[in-house]
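First the structure, in the form of structure tokens, and then the observations on it.
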């Protein structure tokens, strides 16, 4: 069977940890920061871990070798 290709958009957006969890950037921080609260901006720093169901979808469909 041939090698499977990873989706190039997913390669840029997700990272898989050593324990198999999927990390991604927090949504809602691209523009419009004036209307966001300071608490939201502070809490949305860095990376977040995807929920298990979403991580399963990402690993199965978009990053086939990220297991």
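The values are calculated or read from the model by the stated rules, or taken from the named source; none is laboratory data. The model shown is predicted, which means the values in this text are computed figures rather than measured ones. As a convention, Cβ positions derive from the backbone with ideal geometry for all residues, glycine included, and neighbour counts pool all protein chains shown.
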- Among the residues of segment 31-63, write down those that are within 13 Å of the chain's Cα centre (by Cα) and within 19 Å of residue 4 (Cα to Cα). 55, 56, 57, 58, 59, 62, 63
- Quick one: would you say residue 11 is surrounded by 10 or more Cβ atoms within 10 Å (Cβ to Cβ) and under 19 Å from residue 61 (Cα atoms)? yes
- Of the residues in segment 1-17 that are closer than 19 Å to residue 54 by Cβ and outside any helix (DSSP H, G or I), the one that is nearest to the chain's Cα centre (by Cα) is 14
- Task: Just give me the residues in segment 53-63 being part of a helix (DSSP H, G or I) and either surrounded by 10 or more Cβ atoms within 10 Å (Cβ to Cβ) or modelled with pLDDT under 95 (or both), in sequence order.
- Result: 54, 55, 56, 57, 58, 59, 60, 61, 62
- Filter result for the condition that a residue is under 14 Å from the mean Cα position of the chain (by Cα), outside any helix (DSSP H, G or I) and touching a residue at least 60 places away in the same chain (Cβ under 8 Å), over 28, 66, 20: 66
- Filter result (in contact (Cβ under 8 Å) with a residue 12 or more places away in the chain and at positive phi) within segment 31-51: 46
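So that you can scan it fast, the table gives a plain yes or no per residue for (1) modelled with pLDDT of 95 or more; (2) touching a strand residue (DSSP E or B) at 6+ places or on another chain (Cβ under 8 Å); (3) surrounded by 10 or more Cβ atoms within 10 Å (Cβ to Cβ):
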{"site": "32", "(1), (2), (3)": "no, no, no"}
{"site": "44", "(1), (2), (3)": "no, no, yes"}
{"site": "49", "(1), (2), (3)": "yes, yes, yes"}
{"site": "66", "(1), (2), (3)": "no, yes, yes"}
